[in-house]
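Reviewing the structure listed below.
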């Protein structure tokens, strides 16, 4: 995948069909605080199996800026020392091998999750990349 710059509200960058084990790499940056997500979806129902979240925004449930893996809507792995900064180019990588899921940021290993309920290696899913940004703060504290 190539580079992508995000400006504005959340938007889907690309959705592609996948099956089996894979490694996905891409470069990205934002001018403001932002978050990049890689979502694995059921190709028939669009239900989200797993989300790999590279955060650059504060998350109220996690009480900070972190990187994490979600299974459905549940946090299953969190790294509090890995996050993204506005104005910098980042190299993102997501890997799946059998039932193991890994995240890398600029070559550094982040959250890892082994899913005991993972179906066989012939599973199929769609990959969706998304980026959302916070927007610029005004003097009153609201975003534009």
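At-a-glance table
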{"read-out": "Which numbered condition residue 87 misses (of (1) in contact (Cβ under 8 Å) with a residue 24 or more places away in the chain; (2) on the phi < 0 side of the Ramachandran plot)", "value": "(2)"}
{"read-out": "Selection count, segment 107-130, where residues are surrounded by 13 or more Cβ atoms within 10 Å (Cβ to Cβ), at pLDDT 85 or above and in a loop (DSSP other than H, G, I, E, B)", "value": "1"}
{"read-out": "Subset of segment 50-60 that is modelled with pLDDT under 90 and under 15 Å from the mean Cα position of the chain (by Cα) - its residue that is nearest to residue 117 (Cα to Cα)", "value": "54"}
{"read-out": "Residue match in segment 64-72 (condition: in contact with a strand residue (DSSP E or B) (Cβ under 6 Å, 6 or more places away or on another chain), farther than 21 Å from residue 28 by Cα, modelled with pLDDT under 90 and surrounded by 17 or more Cβ atoms within 10 Å (Cβ to Cβ))", "value": "no"}
{"read-out": "One residue from 139, 95, 88, 81 being outside any strand (DSSP E or B) and modelled with pLDDT of 85 or more", "value": "88"}
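The values are calculated or read from the model by the stated rules, or taken from the named source; none is laboratory data. Keep in mind that this is a model prediction, so the values were computed, not measured. FYI the Cβ positions are ideal-geometry reconstructions off the backbone, even for glycines, and counts take in every protein chain you see.
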